[in-house]
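Engineer: Here it is: the structure, laid out below.
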Amino acid sequence: MKQHAPSAERNREPLLSVLRQLLPSRGTVLEIASGTGQHAVFFARAFPQLEWQPTDADSIARSSIEAWRREEGLPNVREPLALDARASTWPVESADAIVCINMVHISPWEACQGLMRGAARVLPPGGPLILYGAYFIEGRPTAPSNLAFDASLRERNPAWGVRELGAVTEEARAHGLERDQVIDMPGNNFTVVFRKREG
């Protein structure tokens, strides 16, 4: 049942460094599209004061998350929940922060739209939505590797692809989320932080 993604091993340390600056000191972190579950247990171990709620729309992924959770035995990792970002309701009504790693480009655009709607529902004012992945950013040269990655994604599924950060930002703003930071990461990736608008 337990799956392993080499990319999760590669990016977990750089992500941890960024999350130390962004996550609240207490509360619940909702992870959207947790995948194998490697990140969930790694970050939960690093942040014992936070409750980590993994989710995934895929039942095989949820089985892997649960296998990692049982093996690690961490008290602050909750059972994985079935959550499709596109759904009009989520099984979580509130969270102090949301983390979403490598979903926006490996899903239809409707998943990004649903992510923004859902984040606006569950986050408190000022609460962060933290995205990680590849993006095309206006005014910045695109790495050849990201162009090749985009092409390979679209070959696998025409609805997938590296997103224009401007379009993602517009969608976020339409749901009351403002872009706060864009952080360069290894491998031509980015961490993008949105925060729910106060009031």
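The values are calculated or read from the model by the stated rules, or taken from the named source; none is laboratory data. Everything numeric here is computed off the predicted structure, so don't read it as measured data. Note: ideal-geometry Cβ built from the backbone for every residue, glycine included; neighbour counts use all protein chains shown. Keep in mind that these areas ignore ligands, DNA and RNA; they rest on the heavy atoms of the full protein, side chains included. Shrake-Rupley method; radii C 1.70, N 1.55, O 1.52, S 1.80 Å.
Engineer: Return the pairs, sorted by first residue and then second, in which the second residue is surrounded by fewer than 17 Cβ atoms within 10 Å (Cβ to Cβ) and among the charged types (D, E, K, R), the first residue lies in the range 72-86 and is more than 12 Å from residue 54 (Cβ to Cβ), the beta carbons are less than 6 Å apart, and the residues are 6+ apart or on different chains.
Structural biologist: 86/110
Engineer: What are the residues in the range 133-186 that are surrounded by fewer than 14 Cβ atoms within 10 Å (Cβ to Cβ) and in contact (Cβ under 8 Å) with a residue 60 or more places away in the chain, if any?
Structural biologist: Passing the criteria: only 186.
Engineer: Being touching a Pro at 6+ places or on another chain (Cβ under 9 Å) and either open to solvent by less than 30 Å² (accessible area, probe 1.4 Å) or modelled with pLDDT under 95 (or both) is the filter here, so list the residues in the range 72-89 that pass it.
Structural biologist: The first filter runs over the range 72-89 and keeps only residues touching a Pro at 6+ places or on another chain (Cβ under 9 Å), leaving 74-83, 86.
Residues satisfying the conditions are 76, 77, 80, 83.
Engineer: Still on this model: So in the range 157-175, with the set limited to residues that are in contact with a Leu (Cβ under 9 Å, 6 or more places away or on another chain) and small (Gly, Ala, Ser), which one is nearest to residue 101 (Cα to Cα)?
Structural biologist: The qualifying residue nearest to residue 101 (Cα to Cα) is 161.
Engineer: Here are the criteria: (1) touching a residue at least 60 places away in the same chain (Cβ under 8 Å); (2) closer than 28 Å to residue 117 by Cβ; (3) assigned to a helix (DSSP H, G or I); (4) open to solvent by 10 Å² or more (accessible area, probe 1.4 Å). Tell me which single one residue 69 does not satisfy.
Structural biologist: Answer for residue 69: the failing condition is (1).
Engineer: If you check 59, 64, which single one turns out to be crowded, with 18+ Cβ neighbours inside 10 Å and at pLDDT 95 or above?
Structural biologist: Values: 59 fails: crowded, with 18+ Cβ neighbours inside 10 Å.
It is 64.
Engineer: Given the residues 17, 7, which is the only one that is surrounded by fewer than 17 Cβ atoms within 10 Å (Cβ to Cβ), part of a helix (DSSP H, G or I) and without any contact (Cβ under 8 Å) to a residue 24 or more places away in the chain? Don't jump to the end; show me each part of the working.
Structural biologist: On the way: 7 fails: without any contact (Cβ under 8 Å) to a residue 24 or more places away in the chain.
Matching residue, one of 17, 7: 17.
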